Every structure is written in structure tokens, then in C-alpha cells.
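The values are calculated or read from the model by the stated rules, or taken from the named source; none is laboratory data. All of these numbers come straight from a predicted model, not from anything done at the bench. We place every Cβ from the backbone using ideal geometry, glycine too, and count neighbours over all the protein chains shown.
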Amino acid sequence: MLYRVLPLGLLALVLGLFVGAVAVAKDKDKADTTTMEGMVVSVDKDKLTVADKDKKEHSFTTDKDTKVTVDGKEGKLADLKKDTKVKVTTSGKDKDTKVVSVEATTK
């Protein structure tokens, strides 16, 4: 009987540790993201400049992996016009900062 229960118990333990590790990794990814809301000042190729609520300008460089949505639909950076409300989500810190998504609202 012990020979049957022991492997199942070990399997359950390993599975529990694996699921726990995945959950911790996902939480860590979320902790590394930063969101900034503001209005589009300008768009130039892959560079987006946004003014926050205090009118301070922030520049972001996007890449091919940056997800851009306009009113919930897939879009391009070129679709963003001056004074469009946006929410920019970035990950990483300092020089390793990457723009994950840009969500624009025109309505």
C-alpha cells in the first residue's frame, strides 16, 4: 500500500511546487510593469511623446512587439493623433525599459 501512495504523494507535492512557482513568476512580471496615462504630444516613427496630467512630457520608444490599441481595436502608432488620451504600459527599469502596450481612447 505504501508503494502506491508514496509516488502519488510525491507527484502531488511536485505539482504543487510547480504551480506555486508559476504563480510567483507571474506576480513578479506584473510588479515590473508601470502604467502612465496622458495625452499624445507627438508621434514620430517609433517614438511616442506623451504629456502627463502635470503637462510633463515623457518619451517612449516602441518596437515591433508593442501592442497598440485604439478604442479597443488593434491599431498602429501612426493612428495616434495629437491630444489623444493614452495609457502606456512599460516593463523593466532604466535603460531596459520596454513599451509593452499603448491603449488609446478617442471617445
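Structure summary
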read-out: Selected residue (only one of 65, 46, 94, 27 is charged (D, E, K, R), at pLDDT below 95 and surrounded by 13 or more Cβ atoms within 10 Å (Cβ to Cβ)); value: 46
read-out: Strands (runs of 3 or more DSSP E) completely within the range 56-107 that count 2 or more residues being more than 11 Å from residue 40 (Cα to Cα) and touching a helix residue (DSSP H, G or I) at 6+ places or on another chain (Cβ under 8 Å); value: 67-70
